[in-house]
Amino acid sequence: MADEAVADPPRRWHQIILPGLTLLLFLAAAWAIRRELASWTLADIGAALAAIAGARVGLALVAAALSYGALALYDPLALRHLGRALPLGQGALASFVGYAFSHAMGLPLLTGGAVRYRLYTAWGLGAGEIAGVVAFNSLTLWLGVAAMLALGGLAAPAEIGGVFGVPPLVATLSAFVLCLIMAGYVVLGLIVRRPITIGDWQFAAPQPPVALLQLLLAVLDWLFAAATLYVLLPPVGLGFLAFAGLFTAASIAGVISHVPAGLGVFEAVLLVAMPEGAHLPGVAAALIVYRLIYYLLPLLLAALAFALHEAKLGGAAVVARLDLARRGAELVLPNILAILVFIGGAVLLVSGATPTVPERLAWLAPLAPLALIELSHFLGSLAGLALLVLALGLRRRLDAAWWATCVVLGIGIVVSLVKGLDWEEALYLSAVLLALAPCRRAFYRRSRLLAQRFSGAWLIAILAVLAGSTWLGMFSYRHVDYAHELWWQFVLEGDAPRFLRATAGVMIGIVVLGGLQLIRFAAPKGFVARADPQARERAAAVLAASTDAPASGALALLGDKQFLFSDSRRSFIMFGIQGRSWIAMGDAIGPADERLELLWRFRERCDQWGGRTVFYEIGPATMPDLVELGLTFYKLGEQAFVPLAGFNLEGAARSGLRQSVRRAERDGAQFSVVQPADVPAMLPEMRAVSDAWLESKGAKEKGFSLGRFDPDYLARFPTALVRRGNELVAFANLWPTAGQREISVDLMRFRDGMVRDVMDYLFVQLLLWSKAQGYRRFDLGMAPLSGLQERHLAPIWTRAGALLFTHGEKFYNFEGLRRYKDKFKPVWEPRYLAAPGGLALAQALADVTLLVSGSPLAAVRR
């Protein structure tokens, strides 16, 4: 199978608005920080960093340790409330590691939630219980927020009011309201004995002892976290409780902004809210040290604790536990490594935007030529951009992304040392490379890097990093007089020119990547991969041997599909690729005992290539197997089958058909069926009829789920003809099945105005002929949207489809088609589309429409 480019779905507004707001908040925070520090330089911040006393750093370390000690008790308390007895050490480990990861990286469900899931499932907890722990902890967090704001409002109303821009009385009253809410929460367990139900979610109110412990832990956590930063600050004119309230508000602003770890937003709120006269470089320096102590150091300790826990066992259990750890790690590592690589890219870009340490550069100058230093600085920024892009490929588990990231990390390590002996960033990149290198198996999807489209959130994150690093560079060199000559200055101390050239290179790289994305997305090629003739003949052999294959299995011979065969070559799935959707046409064809394994292989193949699994026009028999694949079902309509044993033209119910046949015969209609060997001679006449029909309907040829006028395809089947004298009026190619179980009609085309009721005549004659040949039932095809219920509790897709079926005659005569087929008294069977749940349905339907029609313009034609 050829390597197909797989496109992401078009972005929807909700996928753009939230990331867009996040980017705007980040940019607003950057603007606010720049405004507050406008009269200061990077050297001022560096001097303030050097002035922070070791004793203050020691106090901050103690406060951070006490804060994380309180956090470590969150999970044990949640487990106690849920009635799960786990050793205190296990709950504390999960809590500490989970919070260390989520604090440092943001995305708490993706980072801390994944770590908790890995640990708790190994200790016997189910997904529902883990969700209960996460929900309990989230409530604890917000209780702490309320408590901190209440303490600040009661102890220092004037200061808190000044911070939030409200009168002291409002701050005091707000604090009393928060106290009443917290008191109500504590006694809630005495009043409400039964679980509180909200939708599908149930919450059992904790008993007062648990609620009091929950409140106490939350207060201690927030107080010690605020103290970690407070002891690092220079005098700012705020009491501790007032500052703790401000700290809490800044932290919540960071959470609400959805910026990872609140980076920038947290700092901006604090800098803006500082009282007049505060030494802002000292505040900025304290914030940098706080990030290192409260975020980076716990992350490293948590990673070490997690690794030691995984390697703690001995004896015969080691192999099984390591295998379990490996499989569990493969579920979460791609996401974690993607974040670490993204951070590495940001580090390289920030490093390229800030001045090099002069002492290191002076030491390096005799060892490396100036040209090499200049080139390394430029390549370092480009490597940073590459890591931002590759991180998305790692998150999507692409094998090419793993290889490319390893190479780029290696380049980043070298250029970090050559451009200015930046050993810190080289050490970080080395650690990421060492973590990534042994995880090759987790990146198994075979897809080209440029085939992926950036999601809205990821694109916004990349732009935020680029905007932040550019802003940092402009801030660092804002006192440098800009001139065109700067671009061409190549001197050892020329940090500003190097920043300008590197930034220009990164921007050009972004433009090139964006252009490649647009070109790839607009390219009309590669939507449908055609199967090779050998595969088509193998599928024809399976159809000839399968007595239970549907008549629509003949679509395999149309030449526009790929195939996945079973190991025995007795079964196959035919499919096409449109965008990211891998669309299987109908059910798997072949022996029933091979069906489930073949379906799983198709599902795994889609996942391997990053595709969306879709099954189109499947029947009820396949639904139980597709449930195991994790797919959701949506009704498309109903298929009409006429039992041929009881079909005739007798009785009052068939009077309309009898009259149609008589009118056609009076107009000279004659019916016959020619075998495949005789079809080539008829093709010129059939072509003329087909062209006339397409022109009269204003239609274009389609495919995939519908036949088209293709001489090689038509020559494979018997063809029914209607003539008037020597002139061909109508034709239809037939799909007979092995064992005469079923027969259907595919391409049915006719000339208007030559024979009255020609369609009725052709169908009646086909049914009578098929009955005489011994076929058991005739497939009249599907009535789209038929059988959908417009009920209040039905899914929105079902209700919309039912409405369109009844009132959509301006678009397509859905109800008229159902009434027409009802004239033949068929048995109706439902047909479904199976796809991933949620918003993937809309994209799957759009991709099916494009695959059938061939182009967006043709999709709106009848």
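The values are calculated or read from the model by the stated rules, or taken from the named source; none is laboratory data. Everything numeric here is computed off the predicted structure, so don't read it as measured data. We place every Cβ from the backbone using ideal geometry, glycine too, and count neighbours over all the protein chains shown. The area values use the complete protein model at the heavy-atom level, side chains included, leaving out ligands, DNA and RNA. Shrake-Rupley method; radii C 1.70, N 1.55, O 1.52, S 1.80 Å.
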Q) Where residues in segment 365-424 are modelled with pLDDT under 85 and among the polar types (S, T, N, Q), which of them is nearest to ILE508 (Cα to Cα)? A) SER381
Q: Being hydrophobic (A, V, I, L, M, F, W, C) and open to solvent by less than 40 Å² (accessible area, probe 1.4 Å) is the filter; apply it to segment 650-676 and report the residue that is nearest to LYS771 (Cα to Cα).
A: VAL673
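Mind checking which residues of segment 191-215 are modelled with pLDDT under 75, of a type in the set (A, V, I, L, M) and open to solvent by 30 Å² or more (accessible area, probe 1.4 Å)? Step through it out loud before you land on a result.
Restricting attention to segment 191-215, the residues satisfying the condition of being modelled with pLDDT under 75 are 191-205.
Remaining after also requiring of a type in the set (A, V, I, L, M): 191-192, 196, 198, 204-205.
Within segment 191-215, ILE191, VAL192, ILE196, ILE198, ALA204 qualify.
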Q: Hey, could you check segment 108-131 for residues that are surrounded by 17 or more Cβ atoms within 10 Å (Cβ to Cβ) and not in a helix (DSSP H, G or I) and say which is modelled with the lowest pLDDT?
A: LEU110
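Matching residues to (1) assigned to a helix (DSSP H, G or I); (2) more than 15 Å from GLY144 (Cβ to Cβ); (3) modelled with pLDDT of 80 or more:
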| position | (1), (2), (3) |
| --- | --- |
| LEU217 | yes, no, yes |
| LEU223 | yes, no, yes |
| ALA227 | yes, no, yes |
| LEU233 | no, yes, yes |
| ALA244 | yes, no, yes |
| THR248 | yes, no, yes |
| VAL272 | yes, yes, no |
| PRO275 | no, yes, no |
| GLY282 | yes, yes, yes |
Q) Which one of these does ARG601 not meet: (1) basic (Lys, Arg); (2) farther than 15 Å from ILE583 by Cα; (3) at pLDDT below 90? A) (2)
(Q) Residue pairs, Cβ under 6 Å, 6 or more apart or interchain, first in segment 52-71 and open to solvent by 10 Å² or more (accessible area, probe 1.4 Å), second outside any helix (DSSP H, G or I). List them. (A) ARG56/VAL231; ARG56/LEU232; LEU59/VAL231
**Q.** Residues satisfying the stated conditions in segment 719-747, i.e. of a type outside the set (Asp, Glu) and surrounded by fewer than 17 Cβ atoms within 10 Å (Cβ to Cβ)
**A.** GLY725, ASN726, ALA738, GLY739, GLN740, ARG741
Q: Among the residues of segment 568-584, write down those that are open to solvent by less than 20 Å² (accessible area, probe 1.4 Å), within 21 Å of THR849 (Cβ to Cβ) and out of contact with any Phe, Trp or Tyr (no Cβ under 6 Å at 6 or more places or on another chain).
A: ILE577, GLY579, SER581
Q) Taking the condition basic (Lys, Arg), surrounded by fewer than 20 Cβ atoms within 10 Å (Cβ to Cβ), in contact with a Pro (Cβ under 8 Å, 6 or more places away or on another chain) and within 25 Å of ALA640 (Cβ to Cβ), does ARG716 pass? A) yes
Q.
Every residue in segment 731-786 that is small (Gly, Ala, Ser), more than 17 Å from PHE671 (Cβ to Cβ) and more than 46 Å from the chain's Cα centre (by Cα), please.
A. GLY753, GLY774
Q) Could you count how many residues in segment 748-767 are surrounded by fewer than 16 Cβ atoms within 10 Å (Cβ to Cβ) and either at pLDDT 90 or above or out of contact with any helix residue (DSSP H, G or I) (no Cβ under 6 Å at 6 or more places or on another chain) (or both)? A) 1
Q | Scope segment 702-730; condition assigned to a strand (DSSP E or B) and closer than 18 Å to LEU558 by Cα; matching residues | A | THR719
(Q) Just the residues that are assigned to a loop (DSSP other than H, G, I, E, B) and β-branched (Val, Ile, Thr), please, taken from segment 741-756. (A) VAL755
Q: Tell me, please, whether a residue that is touching a Ser or Thr at 6+ places or on another chain (Cβ under 7 Å) and in a loop (DSSP other than H, G, I, E, B) can be found in segment 670-684.
A: no
Q. Counting just the residues of segment 585-624 that are open to solvent by 40 Å² or more (accessible area, probe 1.4 Å) and of a type in the set (A, V, I, L, M), which one comes out farthest from SER552 (Cα to Cα)?
A. LEU596
Q. Restricting attention to segment 374-398, and to residues there that are part of a helix (DSSP H, G or I) and of a type in the set (D, E, K, R), which single residue is surrounded by the fewest Cβ atoms within 10 Å (Cβ to Cβ)?
A. GLU374
Q) In segment 399-425, what residues are charged (D, E, K, R), part of a helix (DSSP H, G or I) and within 15 Å of ALA346 (Cα to Cα)? A) GLU424, GLU425
